[in-house]
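The values are calculated or read from the model by the stated rules, or taken from the named source; none is laboratory data. If you're wondering where the values come from, they're calculated on a predicted model, not measured in any experiment. Neighbour counts are summed over all protein chains in view; Cβ atoms, including those assigned to glycine, are modelled from backbone coordinates with ideal geometry. Keep in mind that these areas ignore ligands, DNA and RNA; they rest on the heavy atoms of the full protein, side chains included. Shrake-Rupley method; radii C 1.70, N 1.55, O 1.52, S 1.80 Å.
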Amino acid sequence: MQVRSPLSTTINSLLAPRVQPLQASQNKTAAAVQSSAIVSLNNTTTLPAVYSLNPAKTVNTAGLDHSQLSILIGTNVRGAQADAFQGLGKALLEGLKDHPQGITLSATVETQGAQERQPDRAVALNITTASGINVSLGMTRNQNGLVVELKTAGGELTEDETAAIAGLADAFQSTLDGLSADTPSLNVQGLMNFDSTLLKAVDLQTDVRKDADSLQSLKFHADSSARAMSYQTDKVAFDLSTDLSHPETVGSYGQQQQALASWASQLDSARARGQGDKNLIDMFKNSFMALNSQYGSNEVDNRLNIITRTNDNVVQENLSGLADYSANFKQADKSPNPFRKDERDSFAYSSSQRTERENAGRLTQKTTAHLQASYHQAIDKTVPLALTLEASSQNYSYHQIDDRSSTETALAFNEKGEVKSVTQAAEKHNVETVKKYNAGRLIEETRTPYDDEQTSTRALIVDHLRVDHHSGR
């Protein structure tokens, strides 16, 4: 999405009395617990509709029987089922200019035996133009074959709109290829790089699983005011959301890079402390970076040789630089100890930022992080941990971690709307419980808490300057 920089909206729009805290709901109770950055992705009807497409009953678009697209579908249906969408996403979006009324194509295969059965796979892409036209692309590979359907509704696309949609072809194919890879990757950044004057929103849902007993689901949304995605497999589930509806609080590019680096460092520290899966957490981290990058920045034009900063600059410089966000990650629990199955290895991490106006004279931005983790560790670290029902294997420590941290920046304004002071508060409350076992017997249990709270205030404007005119003073 193209966002001009510097952003033109002023801080005064956020401080205006009619503006409520940056929440979708006006309910105060809900606002206290729900971040403004949360975006719903619960569209459960799209993929079932795509799954219902039947290659054996599809009527192909006239004139495409011997086209390059038809040849590509025929090649893919005869190949590995995991590669069914290879090259198709790009070809369909690029082919829209030649078939503005839509495309329907299919290729059938002989029904496979029960032992060879592969899981059904489906992809649903919806693009809404700024003028209100909806372009939907559905693809499914099932036991009967492969079918694709590209449709438009709500009007006729202009040349510019068609070109903008075709401009997403490479990004869409990159997303599909990443999901289909032996080691999946989430390549979604290109799906956010569109001209918001032509395209309003992009929504993607996929079910590209590896086998019949596995799961790999992706949901993605992007428009000019929000970005969101969720990803789930048998090993992990995470969701991310970014609120772009208040660009006036976004900082400079340098601020954003520093804030992203700090967020990544905090996540890396949590992974090490809770012994999370590095590959899964890196996938989560990269997705967060993608959703929270390239959405514009507020920069001071140095060519103007500005000596005094505007009030907008002061506000932006004292916030994180990032738009509000919500990020939640959880690995699938494991029970590696058959002797104590209630002791689970687990890792869950959540992080959020929320900016809100409490009243006309106060603006706050709060970030939070929460780590909950548990894991087993061999007491003798030179011997790999291999827990069985044998007492001789039950020599280990079991760690349970619950860490919470938060930072809050509060900006106070005077009657002129100028920032008069900045208060920063930080809290950290960590606790680790460790149980040590020898031959299956609990020999030691320790609980180690750590608590720290700090607050500081900087005055930026002195409201009343008192001068004593008495001589000698």
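Things worth noting here:
- Qualifying residue in segment 242-259 (condition: open to solvent by 10 Å² or more (accessible area, probe 1.4 Å), of a type in the set (Ser, Thr, Tyr), out of contact with any Phe, Trp or Tyr (no Cβ under 7 Å at 6 or more places or on another chain) and modelled with pLDDT of 95 or more): no
- The condition of being in contact with a strand residue (DSSP E or B) (Cβ under 8 Å, 6 or more places away or on another chain), among the hydrophobic types (A, V, I, L, M, F, W, C) and open to solvent by less than 10 Å² (accessible area, probe 1.4 Å) holds for only one of Leu179, Leu215, Leu157, Leu198, that being Leu179.
- So Ala171, is it outside any loop (DSSP other than H, G, I, E, B), without any contact (Cβ under 8 Å) to a residue 24 or more places away in the chain, in contact with a helix residue (DSSP H, G or I) (Cβ under 7 Å, 6 or more places away or on another chain) and closer than 26 Å to Asn76 by Cβ: yes
- Of all residues in segment 219-241, those satisfying the criterion of being of a type outside the set (Asp, Glu), in a loop (DSSP other than H, G, I, E, B) and open to solvent by 60 Å² or more (accessible area, probe 1.4 Å) are Ser224, Lys235.
- Scanning segment 321-367 for residues that are closer than 21 Å to Glu427 by Cα and free of Cβ contacts under 8 Å to residues at least 40 places away in the same chain, we see that the one that is surrounded by the most Cβ atoms within 10 Å (Cβ to Cβ) is Ala348.
- Sole residue being open to solvent by 60 Å² or more (accessible area, probe 1.4 Å) and modelled with pLDDT under 95, chosen from Val383, Val419: Val383
- Tally, over segment 260-279, of residues that are open to solvent by 30 Å² or more (accessible area, probe 1.4 Å) and in a helix (DSSP H, G or I): 11
- Pair list, Cβ under 9 Å, 6 or more apart: segment 402-423 residue closer than 30 Å to Gln275 by Cα, other residue part of a strand (DSSP E or B) and among the basic types (Lys, Arg): Asp403/Lys428; Arg404/Lys428; Ser405/Lys428; Ser406/Lys366; Ser406/Lys428; Thr407/Lys366; Glu408/Lys366
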